[in-house]
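Trainee: Sharing a structure below in structure tokens format, with a few things to ask.
The values are calculated or read from the model by the stated rules, or taken from the named source; none is laboratory data. Remember, it's a predicted structure, so these values are computed and weren't measured experimentally. Just so you know, the surface numbers come from the protein's heavy atoms only, side chains and all, with ligands and any DNA or RNA stripped out. Shrake-Rupley method; radii C 1.70, N 1.55, O 1.52, S 1.80 Å.
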Amino acid sequence: QVQLVESGGGLVQPGGSLRLSCAASGTGFGILGWYRQAPGKTREWVATITYGGGTNYPDSVKGRFTISRDGAKNTLYLQMNSLKPEDTAVYYCYFHQSIPIRDYWGQGTQVTVSS
């Protein structure tokens with residue numbers, strides 16, 4: 001059974017850094033990633049990492065955010081640097097299972113960037 005539990009959110013000043021963690025159990029072959037949803041906006045993709053370790057980011061976070069995983073600890077990370085107020089959102093851990101196809105979501109963790 002897949003379980004995703006995020007942690008590490010909080011309040012940070014503009015220009016600051018934060019690292020999110022996602023304890024991911026029961027995941028196998030598929031894609032892990034992070035999405036975010038700001039108030040009044042649709043959920044948007046932030047970063048993904050494939051089973052083989054390939055990473056992808058949208059232009060809005062490229063160069064500032066880094067996704068990684070620790071296989072031994074079954075943990076997914078999102079290192080966020082140079083944070084901006086527009087990064088404020090609830091961040092969700094995500095797993096796209098390939099066989100059978102199914103998507104899983106964590107409960108989310110709030111990130112607020114404000115002075």
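Trainee: Which ³J(HN,Hα) values, rounded to whole Hz and listed in residue order, are derived for the stretch 102-115 from phi using the Karplus coefficients 6.51, -1.76 and 1.60 in 6.51 cos²θ - 1.76 cosθ + 1.60 with θ = phi - 60°, glycine and proline given as x?
Mentor: Result, rounded to whole Hz: 6, 10, 10, 10, x, 7, x, 9, 7, 10, 10, 10, 7, 8.
Trainee: Give the accessible surface of the chain per residue, rounded to a whole number of Å², with probe radius 1.4 Å and ligands, DNA and RNA excluded.
Mentor: Details: 6210 Å² over 115 residues.
Result: 54 Å² per residue.
Trainee: Then there is this: Across the stretch 2-8, in residue order, what do the Karplus-derived ³J(HN,Hα) couplings come to in whole Hz, using 6.51 cos²θ - 1.76 cosθ + 1.60 with θ = phi - 60° and x for Gly and Pro?
Mentor: Running phi through 6.51 cos²θ - 1.76 cosθ + 1.60 with θ = phi - 60° gives 7, 9, 10, 10, 8, 7, x Hz.
Trainee: Tell me, rounded to the nearest percent, the portion of alpha carbon pairs in the stretch 10-88 spaced more than 18 Å apart.
Mentor: Numbers: 1291 of 3081 pairs.
In whole percent, the long-distance tail amounts to 42.
Trainee: Please state the relative contact order of the chain as a whole percent: Cα pairs under 8 Å, 6+ residues apart? Mind showing how you got there, number by number?
Mentor: Numbers: 280 pairs, mean separation 41.9, N = 115.
Here the relative contact order equals 36 percent.
Trainee: Moving on to the next point. If you consider only alpha-carbon coordinates, what radius of gyration and Dmax does the stretch 61-110 have, in Å?
Mentor: 13.0, 38
Trainee: For SER115 and THR42 in one chain, what is 0.36 nm times their gap in residues minus the Cα-Cα distance, to one decimal in nm? Don't skip to the end; give the middle numbers.
Mentor: Numbers: separation 73, 0.36 × 73 = 26.28 nm, distance 2.47 nm.
Full-extension gain reported as 23.8 nm.
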